[in-house]
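Presented below is the structure to which this report refers.
The values are calculated or read from the model by the stated rules, or taken from the named source; none is laboratory data. Predicted model only: the values in this text are computed from it and were never measured. Here the Cβ positions follow ideal geometry from the backbone for every residue, glycine too, while neighbour counts run over all protein chains shown. Areas reflect the complete protein model, heavy atoms only, side chains present, ligands, DNA and RNA absent. Shrake-Rupley method; radii C 1.70, N 1.55, O 1.52, S 1.80 Å.
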Amino acid sequence: MRFGYFDDQQREYVITRPDTPLPWLNYLGNEAYFGIISNTAGGYSFYRDARLRRLTRYRYNNAPRDIGGRYLYLRDSATGEYWSPTWQPTLTALDDYTCRHGIGYTTIQSTYRDVTAQVRYFVPQGSNLEVWQVKVTNHRVKAAELSLFSFVEFCLWDANDDMTNFQRNFSIGEVEIENGVIYHKTEYRERRDHFAYFACSAPLAGFDTSRDEFLGVYRGFDQPLVVEAGESKNSVAHGWAPIGSHHVKLKLAPGETQSINFILGYQENPRDAKFEAPGVINKVTVKPIIAHYLDSANIDAAFETLRQYWDGLLGVLQVSTPDEHTNRMVNIWNAYQCMVTFNMSRSASGYESGIGRGMGFRDSNQDLLGFVHMIPERAKERILDIASTQFENGGAYHQYQPLTKRGNNAVGSNFNDDPLWLVLGVAAYIKESGDWAILDEPVPFDNQPGTEQPLYEHMRRSMQYTLDRLGPHGLPLIGRADWNDCLNLNTFSEEPGESFQTTTNKDGAVAESIFIAGLYGIAAKEMADLEDHFGRGDTAASYRDSAVKMDEVVKEHGWDGAWFMRAYNHFGEKVGSAECAEGQIFIEPQGICIMAGMGLDDGRAAQALDSVRARLATPHGIILQQPAYATYHVELGEISSYPPGYKENAGIFCHTNPWIMIAEAIVGSGNNAHDYYTRINPSAREAISELHRCEPYVYAQMIAGKDAPTHGEAKNSWLTGTAAWNYAAITQWILGIRPTFEGLQIAPVVPTAWSGFTATRKYRGVTYHITVRRAGPGNTVALAVDGTPVEGSIIPLITDRAACQVSVTLN
């Protein structure tokens with residue numbers, strides 16, 4: 001069942017009924033000011049940090065599920081009837097409804113009683129504000145007199161404190177109202193130098209800033225007293241719950257349309273220039289911004305700038321293949337999701353409250369893989385921020401706060417895969433940009449002045465961190481966890497409420513990870529290639545030797561006969577082995593070890609992939625492990641705490657599926673690689689939206705596995721490493737358009753049924769127009785650039801022209 005359709009020409013997903021299986025979300029903003037918005041205008045806004053600078057309030061896990069947002073109410077003055085043009089919160093049965101989620105904007109339009117209202121929400125480039133561009137049209141044969149009410153509920157900045165510290169917060173809320181602009185200034189009188197503002201372009205009939213006055217103490221957003229009465233109370237909040245609401249009266253002739261613009265924004269003042277009079281906000285810097293963006297012509301220009309911005313970003317890679325789902329995801333939605341995950345990491349979504357997780361060291365490095373080609377300079381900035389949270393011993397904070405850029409002590413470190421991801425992130429950046437100078441950038445440890453070392457030294461210590469922590473079998477120690485944060489082999493938690501990630505009851509000197517061994521093999525080869533570039537052959541050979549030694553250890557102690565094992569636990573017992581009663585085979589090492597080249601020369605890689613297909617593959621994707629854990633295993637941790645088939649306990653953890661796609665491409669099976677790609681492709685799953693439930697235009701973190709009663713149901717959409725890894729799998733390994741240190745590689749491994757495909761790729765200042773033609777079975781590449789044959793599959797760097805034609809023949 002579908003709840004809308006793709007409009008690929010406009011790069012929009014068009015939702016045609018408001019009651020989607022779950023709230024279907026979009027994101028506003030690309031730089032510092034961000035917002036989450038649902039198809040019925042739910043969501044919230046924040047500046048840089050969803051916990052520490054939240055502008056508006058949102059209620060997670062509420063009933064109804066999507067409560068708090070950017071609300072509008074229309075009221076017919078003749079009848080007293082009122083409704084929400086975005087459906088929520090009044091849930092009026094609209095005569096017509098569409099929501100167009102676009103790239104960085106959302107437009108919701110509805111008709112009720114022959115009145116059409118359209119509202120377009122977006123964040124202009126370079127500005128710390130959002131625009132609500134409203135148009136109301138009267139289709140009646142008679143004039144219509146209407147009232148339009150806007151509504152936001154302000155958060156008192158720190159989102160965690162806002163929802164917990166009520167004994168203080170009910171007394172501190174403050175606002176100012178000047179010339180119809182509502183200023184939220186809670187705590188501005190003391191330590192804060194920032195405020196929010198909510199402005200309207202039309203003359204006002206009234207306003208409100210007290211939630212109790214606007215809604216009524218015993219009413220919800222669906223039955224506000226002020227809207228029911230048709231008159232604002234001009235209330236001024238003193239504590240309790242500050243809001244912003246404007247009242248605009250409209251008189252529309254038959255066929256007439258009126259435009260009304262609202263802007264919600266964030267502004268900072270210098271600490272020595274906070275006030276224009278005692279207790280009064282200094283508005284000298286914000287008034288010109290408000291005036292500019294209340295002007296419809298300026299808003300239209302800003303929206304066009306946003307469209308052009310995305311034209312440029314998405315234009316870095318465009319493809320035309322025989323598969324519409326591949327085209328749609330590569331050209332539009334997967335790239336867009338990669339930008340969102342780069343901005344948000346795992347901090348703020350419909351499933352992440354923006355309070356607990358911040359930016360992840362591992363997560364952010366992986367997110368670079370799908371983002372770096374769009375804005376390399378921002379990727380560089382992120383790399384340097386990440387590296388600054390590393391410790392002198394090569395370890396790293398698992399998470400850091402985006403506002404302060406400092407490590408999160410509450411979570412700490414000792415996730416032993418974390419440091420190695422820095423190597424992969426830096427390598428991806430250099431391959432894309434050719435900026436070798438980044439390796440010389442001075443970067444502090446733990447953000448401590450005076451500890452700066454070149455970024456390359458950080459990478460070297462990342463590698464050494466693993467070698468300094470080898471266990472009894474010579475495999476890397478797992479620490480608190482490796483990539484799978486729920487495989488906690490040193491936790492041994494028996495008390496409710498203990499964190500599986502931060503509780504450590506064992507010394508960690510025994511439990512080992514085959515996953516980290518594979519990851520080390522990948523990182524060591526990247527370091528060797530970096531050393532080759534600088535002519536340091538001995539060091540390059542040393543890294544390659546260490547990769548070979550790790551491969552040998554995995555072959556001896558990490559191979560289970562038909563697949564790669566997962567780990568050894570605290571007792572030295574196997575995890576992910578046929579010897580285990582449950583959890584015999586795991587997906588992660590089958591992908592990551594093959595990506596490291598393990599088992600390619602002796603058939604183990606192909607054998608492991610056969611085991612994946614036989615034991616883990618389902619129609620909805622590849623599950624994380626089998627058999628599922630039926631009971632809680634204290635020696636394994638959180639993975640066994642989930643019911644079978646959900647999350648890490650044999651759920652389809654989509655993040656890992658691309659590793660198998662890449663592995664299949666490495667062994668030459670384009671059919672299998674693209675088959676797995678299609679199984680979790682959200683566009684390909686659109687027809688089963690009533691089962692999938694999450695948005696059909698972005699990847700979800702998890703799909704319920706075959707052991708679950710709801711097999712095929714997705715959860716945790718948007719913010720997932722699935723986005724970056726799927727983008728890498730399809731573009732770099734299946735389509736085979738892969739940046740390298742020495743040039744652009746074209747090595748497709750596509751389905752045998754494909755006759756070919758075309759692509760345009762912008763790379764290091766040159767536009768490559770690529771045509772791939774299949775002349776027979778197989779994946780051997782015959783390459784020509786502007787008619788001149790090129791040996792191998794890597795095009796040497798082009799410096800003498802702005803564009804070239806690349807022809808590729810597969811045989």
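Annotations for the structure displayed:
- Candidates Tyr188, Tyr183: the one that is closer than 22 Å to Ile281 by Cβ, hydroxyl-bearing (Ser, Thr, Tyr) and crowded, with 22+ Cβ neighbours inside 10 Å is Tyr183.
- Exactly one residue out of Ser546, Ser499, Ser513 is small (Gly, Ala, Ser) and modelled with pLDDT under 95: that is Ser499.
- Among the residues listed as Asp529, Asp538, Asp560, Asp545, the single one being touching a residue at least 12 places away in the same chain (Cβ under 8 Å), open to solvent by 50 Å² or more (accessible area, probe 1.4 Å) and of a type outside the set (S, T, N, Q): Asp529
- Among helices (runs of 4 or more DSSP H) entirely within region 639-714, having at least 2 residues that are over 17 Å from Asp323 (Cβ atoms) and modelled with pLDDT of 95 or more singles out 657-666, 689-692.
- Within region 442-452, the set of residues being crowded, with 17+ Cβ neighbours inside 10 Å and either in a strand (DSSP E or B) or over 26 Å from the mean Cα position of the chain (by Cα) (or both) comprises Val443, Pro444, Phe445.
- Enumerated strands (runs of 3 or more DSSP E) restricted to region 738-811, each holding at least 2 residues that are under 30 Å from Gly425 (Cβ atoms): 743-746, 756-763, 766-774, 781-785, 794-796, 803-810
- Considered as a group, the residues in region 552-587 that are among the charged types (D, E, K, R) and closer than 28 Å to Cys654 by Cβ include one that is nearest to the chain's Cα centre (by Cα), and that residue is Arg566.
- Residues that are of a type in the set (A, V, I, L, M, F, W, C) and either open to solvent by 20 Å² or more (accessible area, probe 1.4 Å) or under 30 Å from Arg406 (Cα atoms) (or both), drawn from region 40-59: Phe46, Ala50, Leu52, Leu55
This table checks each residue for (1) in contact (Cβ under 8 Å) with a residue 24 or more places away in the chain; (2) out of contact with any strand residue (DSSP E or B) (no Cβ under 9 Å at 6 or more places or on another chain); (3) over 19 Å from Asn672 (Cβ atoms); (4) buried (at least 24 other Cβ atoms within 10 Å of the Cβ).
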residue	(1), (2), (3), (4)
Ser689	yes, no, yes, no
Pro696	yes, no, yes, yes
Asp707	yes, no, yes, no
His711	yes, no, yes, no
Ile734	yes, yes, no, yes
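- Within region 640-654, tally of residues that are open to solvent by 10 Å² or more (accessible area, probe 1.4 Å) and not acidic (Asp, Glu): 7
Okay, residues lined up against (1) in contact (Cβ under 8 Å) with a residue 24 or more places away in the chain; (2) surrounded by 15 or more Cβ atoms within 10 Å (Cβ to Cβ); (3) not in a loop (DSSP other than H, G, I, E, B):
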{"position": "Asn61", "(1), (2), (3)": "no, no, no"}
{"position": "Pro64", "(1), (2), (3)": "yes, yes, no"}
{"position": "Arg75", "(1), (2), (3)": "yes, yes, yes"}
{"position": "Ala78", "(1), (2), (3)": "yes, no, no"}
{"position": "Pro89", "(1), (2), (3)": "yes, yes, no"}
{"position": "Thr92", "(1), (2), (3)": "no, yes, no"}
{"position": "Thr98", "(1), (2), (3)": "yes, yes, yes"}
{"position": "Thr106", "(1), (2), (3)": "yes, yes, yes"}
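- Residue in region 165-172 that is in contact with a Ser or Thr (Cβ under 6 Å, 6 or more places away or on another chain) and at pLDDT 95 or above present: yes
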